[in-house]
Amino acid sequence: MSQMKSMLLAMLFFVGFIVPAFLLFFIDSTNQNAFLKTTKEITELVKEDAGVSDRVKSVVNDYKTKGYTISFTDQYGQPVNGIANYGDTIQVHYQYTFKSVFKDQTLESSNKVFILKRNGENRPGWDNGGELQPRTVVKLTTESKNVTHEETFVIPGMTRLRSVTSNTGSVEVVKVEGNRVTVRATNGSPSKKVQTGGTVMADDTKIVTETIVKTNEKDLPNTITYSEDVYEGTLNRNGAVDKKQTGGEFIPAQTKEVGNQPSPDYSDSEGFKGTLERYVHSGEYTPEQSKFVEAQETQNYIDDEGFRGILSKYLYDVEVTPEHTRFVRLNHSGETAMGKLVEPSSKTYQYNRDGYVGVLDYVGYIGTAPSKPVSETINCYNAISSGYYVYQNGRWKSRSGGSGCGQPNYYEEGSWFGRYTEREEITLEQPYFEYKIKSSLEGIKTGTREELKLSSSGNVSVDEIPHLFPNPKEGDRIEFNKITTHLILSGTAYDLSKGEVMWRYEGYVTRPAVEIPLYRYQGVVTKPAVDTRVWRYGGKVTKPAVDTRTYEYTQEYKGTATKKGLDTRTYDTYYQYRLTFEYE
């Protein structure tokens, strides 16, 4: 058990710490190398194109999709987005974000590029197409324990520095004074490691043997992990498994014959079980019977013999009822209008009851509620709109719209209510104008004029308004209608609070001759099958074998265990950069 726990702890330590640490180192190292390669590529490209050319922009856009953010500024901190002038310095800023093992990591760096071309052209007056042949010299920095190293070099015969590159990491020019160049190199690979102390102790091994005992052979592993007294290793099976019975016995299976059972699934107290076959114990089977019946009065058929079924309808006979006419008198309580009873609008009544149809004539009013004739004259019937004006910003302006004129259908006064059933139109010999004023101070006022001056559009002229409405306010309105016809409405009203309203209709109605079909039912009915059979079950049943034997399984494991040696060595890491200066 202690060996298994040790093995599990070792596996958890390996998976939880060693694997993530290895992945972290591998991923970070790979991305750092790629980052350094990118910074060098972009720096050389800017130097070659004498600034941020279209080619540089295209390459930067390609790197943007890979997680890079690259920007360019001049020596004054202003953004650069094109070809620079001779002697300018371009600062290239890099930022790269990538996914590490536990979280996103970001690398940042910057390089300086000195522009040694005049807007991408050769300097005037030079040989070989205006281009001087550059010279190079290689210098080694002083070996240092610091990854970042700043040092000044003297370049004999140098009049102008063109570039500085490093065999590892990155390098930038700090300053140039004549032929003295101060550079700063960083992020390079170590040049050497020097041991400063400690020793190495070799591994120690030994042969070990262990034995495992299980009650189930499948629980014996193929290998086990050994971990004791700092020695660790994997032990393999050594020899065959030793099987030994520790208790119990084996009783073989038994069978017997059974019958007259009520169920096919048999089980008894002695442990016998089985599935039995069915057989007829008693009784008989009578098959289904059928017959045809007709002239039945109901659709669902059943008789004393046990026949039953659902029949189909068919025409059995036809009875004829002759035409008949009779006189009827009908009291009508009226129609509902505006929630109240009112005189019917029609002087006839379409009768259709109990098969009798006909048209009844209006006789008269027979209700107990008092009645009286009523009338009303509508002046604006067929009125012609003659202008609608609104007072805005100190003058009258024509607008579309107007209130128009409604035509009432009903008379209502207190408890009196009635319908206008008659109407008479009277054409005026002398038409006149009716106006309506909507004043914000005085409310609504109306009036009439026989004559008013009209404009070319047929509306009342604006010049007429001051005579009718001399002191308007902002938003006040005036509307004109030309009255050519009066409408006189008349009818009868009833006092609904003093009785009931009722109107009488009477006349002859007729019931047409009717042929009445007589239907009956017919079809095939069935007497269900009768099954009085009693089934029982019988056959062979089995008592399973009983095996209560228990065993013990012993396996020997053998292998090599190792005590790991100890490495206590310590080192100093040194960095040295090989710099190539290109100059004129």
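The values are calculated or read from the model by the stated rules, or taken from the named source; none is laboratory data. A quick note: this is a predicted structure, and the numbers were derived from the prediction, not measured. Virtual Cβ from ideal backbone geometry, glycine too; neighbours counted across all protein chains shown. Accessible surface is based on the protein model in full, side chains and every heavy atom, while ligands, DNA and RNA are left aside. Shrake-Rupley method; radii C 1.70, N 1.55, O 1.52, S 1.80 Å.
Comparing 36, 508, 259 along the charge dipole axis of the chain, the residue lying farthest to the positive side is 36, per the Cβ-charge model. Other residues within the sphere of radius under 14 Å centred on the Cβ of residue 209, judged by their own Cβ, net out at 0 (K and R +1, D and E -1). Other residues within the sphere of radius under 15 Å centred on the Cβ of residue 534, judged by their own Cβ, net out at +1 (K and R +1, D and E -1). When all protein chains stay in place and ligands, DNA and RNA are ignored, the 1.4 Å accessible-area order of 438, 498, largest first, is 498, 438. Kindly write out, for the stretch 393-398 in residue order, the coupling ³J(HN,Hα) from the Karplus curve 6.51 cos²θ - 1.76 cosθ + 1.60 (θ = phi - 60°), rounded to whole Hz, with x marking Gly and Pro. Ordered by residue, 3J(HN,Hα) equals 6, x, 8, 7, 10, 6 Hz. The order of 533, 162, 329 by accessible area, most exposed first and with a 1.4 Å probe, is 329, 533, 162.
In terms of distances greater than 28 angstrom between alpha carbons, the cross-link table entries 243/558; 64/139; 99/192; 372/482 yield 64/139; 99/192; 372/482.
When the Cα positions of 560, 546, 570 are compared along the charge dipole of the stretch 437-574, 546 comes out farthest toward the positive end, with charges on each C-beta of Lys, Arg, Asp and Glu. Working note: Cα atoms of the chain, range along each principal axis, descending, whole Å: 136, 119, 49. Simple point charges give the picture: +1 on the Cβ of Lys and Arg, -1 on the Cβ of Asp and Glu, and for the stretch 190-244 a dipole about the Cα centre of about 240 debye. Among complete DSSP H helices in the chain, those whose alpha-carbon atoms stretch at least 30 Å along the helix's long axis and whose mean Kyte-Doolittle hydropathy reaches -1.0 are 19-49. By the rule of a C-alpha distance below 18 Å, with chain neighbours fewer than 8 residues away ignored, the aspartates and glutamates paired with residue 214 are 242, 552, 556. Place a point 7 Å from Cα of residue 532 in the direction of its Cβ. Which residues in the stretch 285-317 have their backbone N less than 11 Å from it? Correct set: 285-286. With 0.36 nm allotted per residue and the present C-alpha distance subtracted, the residue 63-residue 426 stretch has 121.3 nm of extension available.
Each Lys and Arg adds +1 at its Cβ and each Asp and Glu adds -1 at its Cβ; summed about the Cα centre, the stretch 281-327 shows a dipole of about 240 debye.
Here residue 273 is the anchor, and the lysines within straight C-alpha reach of less than 18 Å, apart from those fewer than 8 places off in the same chain, are 256, 540, 543.
Listed by chain and number, the lysines whose C-alpha is less than 25 Å from the C-alpha of residue 291, apart from same-chain residues fewer than 8 away, are 313, 527.
Using the average count of surrounding beta-carbon atoms within 10 Å as a protection proxy, the listed peptides 89-100, 558-569 rank, highest first, as 89-100, 558-569. For the stretch 178-334, the solvent-accessible area with a 1.4 angstrom probe is 73 square angstrom per residue. Summed over the residues of the stretch 409-475 and divided among them, the accessible surface reaches 69 Å² per residue at a probe radius of 1.4 Å. Of the solvent-accessible surface of the chain, computed with a 1.4 Å probe and all protein chains present, 48% belongs to carbon and sulfur. The phi torsions of the stretch 481-493, fed into the Karplus equation with coefficients 6.51, -1.76 and 1.60 and a -60° offset, translate into couplings of 9, 8, 8, 10, 9, 9, 10, 9, 9, 9, x, 10, 10 Hz, rounded to whole numbers, with Gly and Pro shown as x.
Using only side-chain charges placed at the Cβ, +1 for Lys and Arg and -1 for Asp and Glu, the dipole size of the stretch 404-491 relative to its Cα centre rounds to 240 debye.
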